[in-house]
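Novice: Dropping a structure here in structure tokens format, bear with me for questions.
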Amino acid sequence: MDYLPISMLNQLEYCERRFWLMFVCGEMEVNAPVLEGTLQHERAHTSAREQEGETLIRRRVYVYSDALQLVGFIDVLEERDGQLIPVEYKHGKMGRWLNDHIQLCAQALCLEERTGQKVEYGHVFYWGSRRRERVDFTPELRARTRASVARAFALLAEDRIPPPLEKQAKCRDCSLEPVCLPREVRMLV
């Protein structure tokens with residue numbers, strides 16, 4: 001089995017059907033918020049390496065895990081007092097779900113495997129609120145992240161698109177709603 005992009009864990013945690021549509025079917029709807037998020041990510045990757053006081057900053061750091069079969073990029077990796085701190089940039093504001101935390105924790109797990117160094121916490125920077133949210137990599141979050149990886153590979157092994165979500169709160173905000181057609185699919189079942 002090939003390696004799974006870390007960013008797909010974010011999609012999976014938001015909605016299993018969204019994960020399938022994006023990863024397996026290659027679907028992507030580029031609307032204004034998606035395009036704005038893409039441009040904001042490009043700005044976050046402006047220089048590869050810089051120093052801010054005592055903090056060494058690396059941008060777009062490639063990481064992978066052979067144990068978890070994950071691969072991806074850390075938007076910003078800060079090194080301060082010998083401690084590694086991954087930072088993930090997101091377009092909007094902090095949501096009600098853990099998908100951003102799981103993506104960041106997966107980056108930390110890859111980083112730990114590559115460096116042999118424990119990563120205690122990271123940050124998610126939300127452009128919408130212009131705030132960093134600290135994410136502690138607790139044993140519970142680490143277990144949830146590993147379970148998410150296992151779920152992704154289980155879904156791929158099933159080789160069947162997941163059904164739409166029952167609750168439509170996430171569907172309203174999903175850029176893939178016009179492709180997924182959750183209401184229409186539920187009416188056919």
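The values are calculated or read from the model by the stated rules, or taken from the named source; none is laboratory data. No experiment lies behind these values; they were computed from the predicted model shown. Here Cβ is always computed from backbone atoms with ideal geometry, including for glycine, and neighbour counts include all displayed protein chains.
Novice: Here is a check on your reading of the model: is Asp81 among the charged types (D, E, K, R), in contact with an Asp or Glu (Cβ under 8 Å, 6 or more places away or on another chain), without any contact (Cβ under 8 Å) to a residue 60 or more places away in the chain and on the phi > 0 side of the Ramachandran plot?
Specialist: For Asp81, the condition - among the charged types (D, E, K, R), in contact with an Asp or Glu (Cβ under 8 Å, 6 or more places away or on another chain), without any contact (Cβ under 8 Å) to a residue 60 or more places away in the chain and on the phi > 0 side of the Ramachandran plot - is met.
Novice: Do we have any residue at all in region 25-44 that's over 16 Å from the mean Cα position of the chain (by Cα) and either modelled with pLDDT of 95 or more or closer than 29 Å to Arg142 by Cβ (or both)?
Specialist: no
Novice: Here is a follow-up. Got a number for residues in region 68-100 being over 16 Å from Thr138 (Cα atoms) and assigned to a loop (DSSP other than H, G, I, E, B)?
Specialist: 11
Novice: Take the conditions modelled with pLDDT of 95 or more, in contact with a strand residue (DSSP E or B) (Cβ under 8 Å, 6 or more places away or on another chain), in a loop (DSSP other than H, G, I, E, B) and under 24 Å from Val63 (Cβ atoms) and apply them to Gln103. Does it pass?
Specialist: Against the criterion (modelled with pLDDT of 95 or more, in contact with a strand residue (DSSP E or B) (Cβ under 8 Å, 6 or more places away or on another chain), in a loop (DSSP other than H, G, I, E, B) and under 24 Å from Val63 (Cβ atoms)), Gln103 does not qualify.
Novice: Then there is this: Can you find a residue in region 144-162 that is over 17 Å from Met8 (Cα atoms) and hydroxyl-bearing (Ser, Thr, Tyr)?
Specialist: No, every residue in region 144-162 fails to be over 17 Å from Met8 (Cα atoms) and hydroxyl-bearing (Ser, Thr, Tyr).
Novice: Consider only pairs whose beta carbons are under 6 Å apart and that are at least six residues apart or on different chains; among these, list those whose first residue lies in region 51-69 and is within 28 Å of Ser148 (Cβ to Cβ) and whose second residue is part of a loop (DSSP other than H, G, I, E, B).
Specialist: Pairs found: Arg59/His45; Arg59/Ala48; Arg60/His45; Gln69/Tyr3.
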